[in-house]
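Asker: Let me give you the structure first, and then I'll get to my questions.
No lab work stands behind these numbers, since they all come straight from the coordinates. Here the structure is a predicted model, which means the values were calculated and not measured. All Cβ positions, glycine included, derive from the backbone under ideal geometry; neighbour counts span all protein chains shown.
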Amino acid sequence: MHLQEFIDYLSYQKRFSAHSITAYRKDLETFWEYANKEGYTALNELNHLVIRSWLVSMMESGIEARSVNRKISTLKSYYKFLIREGKVEINPMSKIISPKTAKKLPVFVDKTHMENLFNFEVFEPGFEGHRNRMIMLLFYQTGMRLSELTGLKKTDIDFSNCQLKVLGKRNKERIIPFTLNFKKEIEDYIQAIPPEYTAGTYLFAQKNGKKLYPKQVYNLVNAALSHVTTIHKKSPHVLRHTFATHMLNNGADLNAIKEILGHANLSATQVYTHNSIEKLKNVHKQAHPKA
């Protein structure tokens, strides 16, 4: 199987995040459970027919094409590693075709709703309310990922140049600029942090100084957005989508948004142009006499 060797390769050479490694491991364990159940116990016994059978069984059980494609991607990486290490000679994934997925537009919060979030009394009085408001502002002002926000340290903020440093996917650092108005927001927040929260180095910490758990941040984002929007999904990633969509709608260059978001390829950023096109269609329908 060489599963642990592959996981070590992802961890120490590819420098994947803990979240990604967990997903890869789970996918491969699920695959091998299926293979063993079908009577296959060794790598040289497996072929493309076994893999196709596994994929079909998942789709018949109701698993979405998007999830199936992720598992295909995992197996492709796995077999690429096995071939390079000389563990197998034939790559069965060369005969596997990924199922088509329906393209979904990124969910985002309307600009008016975001303004309501910060203008109305959504957040509770006291430090934790102040902290939660600051978390929402930081997501919306920078488009950073959840893991980047929870790992953000006070020393990562460069106030003189109005920029901050985040550690993104595969431990890649990038710089995100912020405005002078937001600089004042950050300074006011840091000055308001009570002594019991300052034991650690993280910008957003628990009373013991340790960084916030991702689930804590997810829950507070969900609760805050519930005050201003009825969209089904209310998560930190929706705020990332919101940042990108609002930037694009206000004329920001697509390549600049790509750099701020930390996307490896422009194609990942181009998905936000579809939201802009939809907005143009709505304007056309409302304004054109023949619409």
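Asker: Tell me, in nm to one decimal, what length is gained between R174 and K210 on full extension, where the rule is 0.36 nm per residue of separation less the Cα-Cα distance? Spell out each step's value before the answer.
Answerer: Details: separation 36, 0.36 × 36 = 12.96 nm, distance 2.31 nm.
So the chain would gain 10.6 nm between R174 and K210.
Asker: Roughly how many debye, to the nearest 20, is the charge dipole of the chain about its Cα centre, given +1 on each Lys and Arg Cβ, -1 on each Asp and Glu Cβ, and no other charges? Spell out each step's value before the answer.
Answerer: Numbers: 42 positive and 27 negative charges, 132 e Å.
Magnitude of the dipole: close to 640 debye.
Asker: At most 13 other Cβ atoms within 10 Å and a DSSP loop assignment: could you name the trypsin sites (Lys or Arg not before Pro) in segment 58-120 that fit? Please report the intermediate quantities before stating the final value.
Answerer: Details: sites: R66, R70, K71, K76, K80, R84, K87, K95, K100, K103, K104, K111; in loops: K87, K100, K103, K104.
Listed in order of number, the matching sites are K100, K103, K104.
Asker: Sticking with this structure for a sec: Testing the spin-label approximation: label points 7 Å from Cα along Cα→Cβ at K285 and K95. State their distance in nm.
Answerer: Output for this residue pair reads 4.7 nm.
Asker: Please work out the Cα convex hull volume for segment 1-132 and give it in Å³ per residue. Before the final figure, lay out each step's value.
Answerer: Numbers: hull volume 23.6 nm³, N = 132.
Dividing the Cα hull volume of segment 1-132 by its residue count gives 179 Å³.
Asker: Less than 18 Å apart at the alpha-carbon level, and either on another chain or at least 8 residues along: which aspartates and glutamates does that give for K154?
Answerer: Once the sequence-local aspartates and glutamates are set aside, what remains near K154 is E128, E173, E185, E187, D188, E196.
Asker: If each residue of separation counts as 0.36 nm, what is the full-extension length gain between L49 and H237 once their alpha-carbon separation is subtracted?
Answerer: Values: separation 188, 0.36 × 188 = 67.68 nm, distance 3.69 nm.
Stretched fully, the L49-H237 segment lengthens by 64.0 nm.
Asker: If the limit is 22 Å between Cα atoms, which of K14/K234; K111/K258; K26/K165; K95/K172 go over it? The partial results should precede the final answer.
Answerer: On the way: K14/K234 31 Å; K111/K258 20 Å; K26/K165 31 Å; K95/K172 33 Å.
K14/K234; K26/K165; K95/K172, as the Cα separations exceed 22 Å there.
Asker: Please state the relative contact order of the chain as a whole percent: Cα pairs under 8 Å, 6+ residues apart?
Answerer: Working: 288 pairs, mean separation 50.5, N = 291.
Computed value for the chain: 17 percent relative contact order.
Asker: For mean projected area of the Cα convex hull in nm², several values are listed as (1) 13.7; (2) 15.6; (3) 19.8; flag the one computed from this structure.
Answerer: Working out mean projected area of the Cα convex hull in nm² from the coordinates points to (3).
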